[in-house]
Amino acid sequence: MVVKRALITGITGQDGSYLADYLVGLGYQVYGLVRRTSIDSEQRMYRIAHLMANSHYLHILPGSLESYTSVCNAVIESKPDEVYHLGAQSFVKVSWEDIGSTMNINVNGTVNVLEAVRHFKKDAKVYLACSSEMFGNVLETPQRETTPFNPRSPYGISKCTEFYLGKNYRESYGMFVSNGILFNHESERRGLEFVTRKITHGLARVKAGLQDCVTLGNLDAQRDWGHARDYVVAMWKMLQHDVPDDFVIATGETHTVREFASLACQFLKLPFEEVIRVSEEFMRPADVNLLLGDSMKARTQLGWSPTISFTKLVRDMTYYDLRQVGVDEVDYDTQ
Ligand code: NAP
Ligand code: F7E
């Protein structure tokens with residue numbers, strides 16, 4: 001049997017780590033591009049530490065997306081059948097505070113990946129991590145592949161550019177480049193800066209008596225939240241499809257930040273009005289108010305569908321964070 005080889009950028013992040021788990025499980029040899037500063041950081045490497053213990057399947061290649069040379073070296077060394085380009089400055093709020101890095105990493109980084117593949121492994125199939133943030137101030141609901149983009153943040157603009165780069169390399173060079181338009185997906189491995197994990201981690205600390213409350217921004221924002229473990233399967237399925245294409249990946253359900261926080265409070269038996277506060281500090285210059293995806297194309301053409309419900313997502317994240325702060329979950333109602 002031929003063993004497939006995959007190169008993942010962003011392997012230390014939420015999605016990269018779940019994708020590495022999935023591909024190793026399928027018998028792939030997995031190569032991960034990791035920044036030098038992160039290789040030495042236990043905090044940055046924690047999501048793939050369990051895989052590092054089995055280095056027969058996982059290979060770490062030092063490099064950064066801004067450095068064309070390092071991306072070329074990674075492609076030459078890994079000789080990938082499939083490239084999953086997940087590395088990015090992915091936090092929307094920071095994209096206003098540091099637009100330069102956001103564009104350098106997300107736009108120039110994508111050019112570097114596509115050029116390195118074009119020059120050194122043109123037959124590799126490429127996955128690009130596009131985003132529902134491209135729909136921004138939405139022009140249609142639900143949002144699907146044909147919905148016009150209307151981004152509201154520098155991050156959203158960078159992802160629109162990534163989308164068009166993918167389409168252009170497909171059309172100009174005949175390369176297999178697929179764009180995944182993924183709606184928000186979360187997990188126990190989500191970064192603490194994103195609202196879902198900020199809520200579950202913060203409330204677990206409140207329950208443990210380590211802080212009084214969790215302070216948030218826009219509680220009315222609505223998101224179509226799925227679980228990252230389901231979404232990495234969609235990435236893989238896109239690269240097993242006969243032709244490269246663009247696919248929306250979403251659950252088809254939307255919930256407010258308030259609903260997410262209130263459900264987490266219910267699981268922990270905490271009074272929402274007392275433990276959730278609001279501050280201007282966490283508001284954005286322009287927010288995306290409503291996201292709701294229609295993933296019918298992926299469901300019919302890729303045979304993909306989400307398996308983890310909103311309630312299970314909130315419950316799993318909440319109890320995970322509770323265990324992290326040393327409180328035993330069995331004392332709480334898990335229904
Ligand atoms: P994440 O947890 O923030 O991970 C980002 C990854 O990118 C990390 O491994 C990070 O490495 C790496 N990275 C950042 N700058 C880099 C650079 N200059 N050179 C090399 N690597 C760099 O993000 P995620 O949630 O897994 O998302 C994965 C991708 O999907 C991103 O492109 C994101 O924009 C996109 N996306 C995410 C969602 C979502 O809801 N999660 C939805 C749609 C699209 P370090 O550890 O070194 O920082
Ligand atoms: O915000 C509101 C905030 O930072 C969600 C990234 O993975 O998904 C993610 O981007 C909503 C926004 O995710 C706080 O204003 C309220 O309306 O968790 P978030 P995001 O901006 O939707 C997309 C699809 C990506 O592609 C991105 O890479 O929650 N909100 N209060 C807050 N958000 C944060 N972070 N912190 C708060 O205190």
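Coordinate-derived values only; no laboratory data. If you're wondering where the values come from, they're calculated on a predicted model, not measured in any experiment. Note that we place each Cβ from the backbone using ideal geometry, even for glycine, and neighbour counts take in every protein chain shown.
Helix 154-173 and the longest principal axis of the Cα set of the chain meet at an angle near 30°. Beyond 20 Å in Cα-Cα separation lie the following of the pairs LYS4/LYS122; LYS93/LYS207; LYS79/LYS159; LYS207/LYS269; LYS237/LYS297: LYS93/LYS207; LYS79/LYS159.
Treat every Asp and Glu Cβ in the range 136-219 as -1 and every Lys and Arg Cβ as +1, leave all other atoms uncharged, and give the resulting dipole magnitude about the Cα centre to the nearest 20 debye.
On the way: 11 positive and 8 negative charges, 39 e Å.
Dipole size: approximately 180 debye.
Here the contact order of the range 74-210, divided by its residue count and restricted to Cα pairs under 8 Å and six or more residues apart, works out to 26 percent.
Of the GluC sites (Glu not before Pro) in the range 102-141, the ones in a loop by DSSP (not H, G, I, E or B) with at most 13 other beta carbons within 10 Å are GLU140.
To the nearest ten degrees, helix 68-78 and the longest principal axis of the Cα atoms of the chain are 80 degrees apart. Rounded to the nearest 20, the size of the Cβ-charge dipole of the chain about its Cα centre is 740 debye, with Lys and Arg at +1 and Asp and Glu at -1. Could you work out how far helix 195-207 tilts from the main Cα principal axis of the chain, as a 0 to 90 degree angle to the nearest 10? For 195-207 against the chain, the angle is about 40 degrees. Counting only other residues whose beta carbon sits under 15 Å from that of THR147, what net charge do I get with K and R as +1, D and E as -1? For residues surrounding THR147, the net value is -2.
For the range 1-151, relative contact order (Cα pairs under 8 Å, six or more residues apart, normalised by length) works out to 23 percent. In the chain, helical runs assigned H by DSSP with n ≥ 4 each contribute -39500 (n - 2.57); averaged across all residues and rounded to the nearest 500, the mean residue ellipticity at 222 nm is -12000 deg cm²/dmol.
Each listed q (0.08, 0.09, 0.16 Å⁻¹) maps to a log10 I(q)/I(0) for the chain, found by the Debye formula over equal Cα scatterers with no solvent: -0.37, -0.47, -1.47.
Highest mean first, the peptides 152-162, 1-11, 99-109 sorted by other C-beta atoms within 10 Å per residue fall in the order 152-162, 1-11, 99-109.
Measuring between their Cα centroids, the range 1-54 and the range 256-328 lie 26 Å from each other. Farthest toward the positive end of the dipole of the chain, out of THR110, GLY180, GLY326, is the Cα of THR110, where the dipole comes from beta carbon charges about the Cα centre.
Relative contact order of the chain, taken over Cα pairs closer than 8 Å and 6 or more residues apart, is 16 percent.
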